[in-house]
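S.K.: I'd like to ask you about the structure that follows.
The values are calculated or read from the model by the stated rules, or taken from the named source; none is laboratory data. Since the structure is predicted, the reported quantities are computational estimates derived from the model, not experimental observations. No Cβ is skipped: glycine too gets one built from the backbone with ideal geometry, and neighbour counts run over all protein chains shown.
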Amino acid sequence: MSAETEYNELVKYIGQTHGGEAGQMFGKKIININGKAGIALSEDCIVFKLPESEHKKGMALAGSVLWDPSGKGRPMKEWVQVSIAHKEKFKGFAKAAAEYVG
């Protein structure tokens, strides 16, 4: 399954559970919760804006990095870019992100 397919599943899930909606930010597909971005699709990864406890779990996964949407060495400290290799964790991170930004 591709990251885009996973993203589309998260749009449905967060739409049903937290009223999330698909949108755009920094030229990337995102999921807004109450008008605030909380989840994004970037390359072959899903990106989550996470509270500290979940942020640590996300960063501990192999291949996870702070998200740098501009690609200019300015990562966003609350956003964790998680590889498709960890797709089984996506729903949990999505729920945490939705609760954090919502």
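S.K.: Could you list all residues from segment 33-53 that are polar (S, T, N, Q), in contact (Cβ under 8 Å) with a residue 40 or more places away in the chain and assigned to a strand (DSSP E or B)?
M.R.: Looking only at segment 33-53, we keep the residues that are polar (S, T, N, Q), and these are 34, 42, 53.
Going one step further and asking which of them are in contact (Cβ under 8 Å) with a residue 40 or more places away in the chain, we end up with 34.
Result: no residue meets the conditions.
S.K.: Check segment 63-81 and report whether any residue there is within 14 Å of the chain's Cα centre (by Cα), touching a residue at least 40 places away in the same chain (Cβ under 8 Å) and farther than 15 Å from GLY27 by Cβ.
M.R.: No, every residue in segment 63-81 fails to be within 14 Å of the chain's Cα centre (by Cα), touching a residue at least 40 places away in the same chain (Cβ under 8 Å) and farther than 15 Å from GLY27 by Cβ.
S.K.: Here's a follow-up. Taking LYS28 as meeting all but one of (1) touching a helix residue (DSSP H, G or I) at 6+ places or on another chain (Cβ under 6 Å); (2) touching a residue at least 24 places away in the same chain (Cβ under 8 Å), write down the number of the exception.
M.R.: (1)
S.K.: A further question on this structure: Would you confirm whether any residue within segment 4-24 is among the β-branched types (Val, Ile, Thr), at pLDDT 95 or above, in contact with a strand residue (DSSP E or B) (Cβ under 8 Å, 6 or more places away or on another chain) and part of a strand (DSSP E or B)? Steps first, answer last, please.
M.R.: Taking segment 4-24 and keeping what is among the β-branched types (Val, Ile, Thr), we get 5, 11, 14, 17.
Next, from what is left, pick out any that are at pLDDT 95 or above: 5, 11, 14, 17.
This time we only want the ones that are in contact with a strand residue (DSSP E or B) (Cβ under 8 Å, 6 or more places away or on another chain), so: 11, 14.
Okay, now just the ones that are also part of a strand (DSSP E or B), so none.
No, because not a single residue in segment 4-24 is among the β-branched types (Val, Ile, Thr), at pLDDT 95 or above, in contact with a strand residue (DSSP E or B) (Cβ under 8 Å, 6 or more places away or on another chain) and part of a strand (DSSP E or B).
S.K.: Now for a separate question. What are the residues in segment 27-70 that are more than 15 Å from ILE14 (Cβ to Cβ), of a type in the set (A, V, I, L, M, F, W, C) and crowded, with 20+ Cβ neighbours inside 10 Å, if any?
M.R.: CYS45, TRP67
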